[in-house]
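This report refers to the structure that appears directly beneath it.
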């Protein structure tokens, strides 16, 4: 395959650098999110509240699906990502000893 654009490699490298920067930002945001969800788990555990909140989760999915749709992204993709993040948060909070169920 012959490349007709002499600047192809330079353009490709530049675009990949942008992707790498975004990926790095995503990692930082995910780390920040995990730190905050840990604080939520501590707060809830301190007052005997369950970690899982079905209403909050449903509301979050609905809002983010709408946001994704408005941004031209797949709502299913966003929900899949959020479900994975939330699952990892629940596992992390459970492993930290936070109560998963309301003791009352």
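Only the coordinates and a few stated rules stand behind these numbers; no lab work does. Computed from a prediction, not measured in an experiment: that's the story for all the values here. Here the Cβ is made from the backbone with ideal geometry for all residues, glycine too, and neighbour counts use every protein chain on show.
Between helix 8-46 and the chain there is an angle of about 0 degrees, using the helix long axis and the longest principal axis of the Cα atoms.
Taking all Cα pairs closer than 8 Å and separated by 6 or more residues, the relative contact order of the chain comes to 34 percent. Taken over the C-alpha atoms, the chain has Rg and Dmax values of 19.7, 70 angstrom.
Spin-label model, residue 26/residue 55: points 7 Å from Cα along the beta carbon direction are separated by 3.3 nm.
Dividing the summed helix terms, -39500 (n - 2.57) for each DSSP H run of n ≥ 4, by the number of residues in the chain produces a 222 nm estimate of -26500 deg cm²/dmol to the nearest 500.
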